[in-house]
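The values are calculated or read from the model by the stated rules, or taken from the named source; none is laboratory data. As the structure is a computational prediction, the values presented were derived from the model and not from experiment. Neighbour counts run over all protein chains shown; Cβ positions are idealised from the backbone, glycine included.
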Amino acid sequence: MRIGVISDTHGNLAGWERAWEVALADADLVVHCGDLLYHGPKFAPAPGYDPQGLAAALSRCSVPLVVVRGNADADVDQLVLEFPAGQRLALAHVDGTRFLVAHGTALRRRTSHDLPRAGASSSS
């Protein structure tokens, strides 16, 4: 099984489309580690910023998605997404392997020794 991992799209539809073309379209499962739609008040939007377009693209994704909430995601985001995206952690079990999915900020608040993980972290 091929698992594609992406994080911190921050509403960048062009970035999602490029990642899809290069790596994610051939995946059997896509894991998004949070910060889907909003860029946050500290940063300017990236070229290609289109959170509504990205929400539509994610909602029509032809590959199963596992999505967790990042520190820039908000409750209101769920209004434009057609899948649940409000959980800080997800435990996935794929082909006999379990893995924890989180945005990096969620793991810093917990003891996470020796956990195999994929996710974004502003300190990594």
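So here's what we get for this one:
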item	result
Residue check, Asp95 touching a residue at least 60 places away in the same chain (Cβ under 8 Å) and touching a Cys at 6+ places or on another chain (Cβ under 9 Å)	no
The lone exception for Arg109 - which of (1) exposed (fewer than 12 other Cβ atoms within 10 Å of the Cβ); (2) of a type in the set (Lys, Arg); (3) at pLDDT 90 or above it fails	(3)
Selection count, region 1-31, where residues are touching a residue at least 40 places away in the same chain (Cβ under 8 Å) and either surrounded by 15 or more Cβ atoms within 10 Å (Cβ to Cβ) or closer than 16 Å to Ala85 by Cα (or both)	14
All positions within region 46-63 that are exposed (fewer than 14 other Cβ atoms within 10 Å of the Cβ) and among the charged types (D, E, K, R)	Arg60
Which listed residue, of Val66, Val101, Val94, is out of contact with any helix residue (DSSP H, G or I) (no Cβ under 7 Å at 6 or more places or on another chain), surrounded by 12 or more Cβ atoms within 10 Å (Cβ to Cβ), among the hydrophobic types (A, V, I, L, M, F, W, C) and at pLDDT 95 or above	Val66
Considering residues of region 78-87 that are in contact (Cβ under 8 Å) with a residue 24 or more places away in the chain and within 14 Å of Val31 (Cα to Cα) only, the residue surrounded by the most Cβ atoms within 10 Å (Cβ to Cβ)	Ala85
